[in-house]
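Please read the structure below before turning to the comments.
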Amino acid sequence: YFIQSNLSVNEMMRICRFSLGRVYVRVLFLLVSLVTVPPLILRIYSHYRETTLAFTSVQNNPKIPQNNPAILQNNPTQSQRHAFMVVMVLSHLHNARIEARENWYNEDFWRSKNVSIRIVFVVGISQRDKFDDSYNDLIFTNVTESKTNLVFKVREGMRYINEHFEYEYILKTDIDVFHNFQLWEEKLLAHNSQNPGNKVKYGGAKFMWHRYAKYRWCSGLGYVVHRTLVPQIVEYPEHLLENAEDRATGKIMQELNIEIVNFVNGWLMVYRTSCEKLHEILNTTAAIHLGFGNVFRRRAECWKNFMFH
C-alpha cells in the first residue's frame, strides 16, 4: 500500500504511529475490561442474591418462631451475666472470630484493664455446625445469613442479651472494627457523670451518624443503646422496620424522641497506617474500621503489639 501510494517516509511513519496507537488503546481497553468487569458482575450478582434470592424486603422475611429463640452456645455463668457493657458483634466468618478473639475482642485482656464488658458474637442458623469450642460467646439465631437479615440478627441478639444479662449498655458493632473499650467506658461514664439529666441513651462517635438523611442514625460499625430502650427495639412492629439494621435502630430512636449523643472521638478508616501510628490513634479514638483481607490479617499483628504496651 505504501509503495503504490508513493507516500513519503515521514507520512508513512505518521500512519504507522497512528495505527499502533489505536492498537495500544484497544489492548489497554481490553486489559482494563478484563480486570474490572468480572468483579463488577460478581458484585451485581451478589447483590441480586442478597436482595432478590434471599429476601426482597423485611416485610417478606419469615418471623422467627417463638419456640426457637436465640440461644447461647452454653448458658453463661452467674459471673458472666454481669457487665456494664455487653458488646454484641455481628459475625458469620468462623476464622475471623478466632482471629478477633485473640486480639481486639479478647475479653480477658480488657477485663485485666478493669473494663466491665462481656463480648458475644451473634451468628445465623447456617453457623450452628461451626461451634467455637471453649469460648462460650456465640449467640445462635434462627436467621438465615444475609445482608437483608442483619436487622433480625440484631433484634434477636438484643433480645437474648436483655433476657439473660444484667447490664447498662449494649454496644453493637462488627467483627472488622478495632475498639478501645477502655476509652468507650471512660467516655460513657464521664458524659453521664457530667450530664446527669442527659445520660446517653443512644449514641457513639460524631462521624458515625448521617446528618442529612430523613432521620439520623449511628453507623452499624458501632453504637450504644441503653438497656431501657432495648425492649422497644426488639418489639418494634416488624413490618415497619428498615432493611438496614443501623437505619432501623435510628428510626426507632427518632420515633421515641431519643437524641444521638456524641461522646467519643470520630470514626477513622485507616488502611495504610503504620502500626506505630495505629497505636497512637487508638489511645485517643474509640474505634477504627479496617476491613477484611490482607489488611485485616496485617492489623492483627499491630493489635497484638498494642495489647502488650
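Using label points projected 7 Å from each Cα along Cα→Cβ, tell me how many nm separate residue 40 and residue 242, to one decimal.
Result: 2.9 nm between the two label points.
Karplus couplings for the range 90-104 from phi (6.51 cos²θ - 1.76 cosθ + 1.60, θ = phi - 60°), rounded to Hz, Gly and Pro as x?
Listing the rounded values in order: 7, 8, 9, 10, 4, 5, 5, 5, 4, 5, 5, 4, 7, 10, 6 Hz.
Applying a 10 Å radius around every beta-carbon, put 240-246, 178-184, 34-40, 109-115 in order of their mean neighbour count, most first.
Packing proxy ranking, top to bottom: 178-184, 240-246, 109-115, 34-40.
With θ taken as phi - 60° and the coefficients 6.51, -1.76 and 1.60, list the Karplus ³J(HN,Hα) couplings across the range 18-33 in order, rounded to whole Hz; mark glycine and proline as x.
Calculated HN-Hα couplings, in order: 4, 5, 5, x, 5, 5, 4, 4, 5, 5, 4, 4, 5, 5, 4, 5 Hz.
If I model a spin label as a point 7 Å beyond the Cα along the Cα-Cβ vector, how far apart are those points for residue 235 and residue 144 in nm?
About 3.0 nm separates the two model spin labels.
How much length, in nm to one decimal, is gained on full extension between residue 116 and residue 189, taken as 0.36 nm per residue of separation minus their Cα-Cα distance?
That works out to 25.1 nm of additional length.
Report the full-extension gain for the segment residue 256 to residue 228: residue separation times 0.36 nm, less the Cα-Cα distance, to one decimal in nm.
Full-extension gain reported as 8.9 nm.
Using a cut-off of 9 Å between beta-carbons, work out the net charge of the residues near residue 87 (Lys and Arg +1, Asp and Glu -1, residue 87 not included).
Every neighbour counted, the sum reads +1.
Once the convex hull of the alpha carbons of the range 149-252 is built, what does its volume come to per residue, in cubic angstrom?
120
Can you compute the FRET efficiency between residue 279 and residue 15 using 1/(1 + (r/R0)^6), with r the Cβ-Cβ distance and R0 = 45 Å? Round to the nearest 0.05.
That pair, residue 279 with residue 15, gives E of 0.15.
Using 24 Å as the Cα-Cα cut-off, could you pick out the over-long pairs in 153/199; 153/277; 153/251; 199/277; 153/187?
Among 153/199; 153/277; 153/251; 199/277; 153/187, the Cα-Cα distance tops 24 Å for 153/199; 153/277; 199/277; 153/187.
Long-range amide H contacts for residue 118: which residues qualify at under 5 Å (H placed 1.01 Å from N, peptide plane, sequence gap of 5 or more or a different chain)?
For residue 118, whose amide H was placed from the backbone, the distant partners under 5 Å are 85, 86, 87.
Using 7 Å Cα-to-Cβ label points, what is the residue 198/residue 98 separation (nm, one decimal)?
4.8
Quick note: the coordinates plus some simple rules give every number you see, no bench work behind them. As the structure is a prediction and not an experimental result, all values here were calculated from the model. Note: ideal-geometry Cβ built from the backbone for every residue, glycine included; neighbour counts use all protein chains shown.
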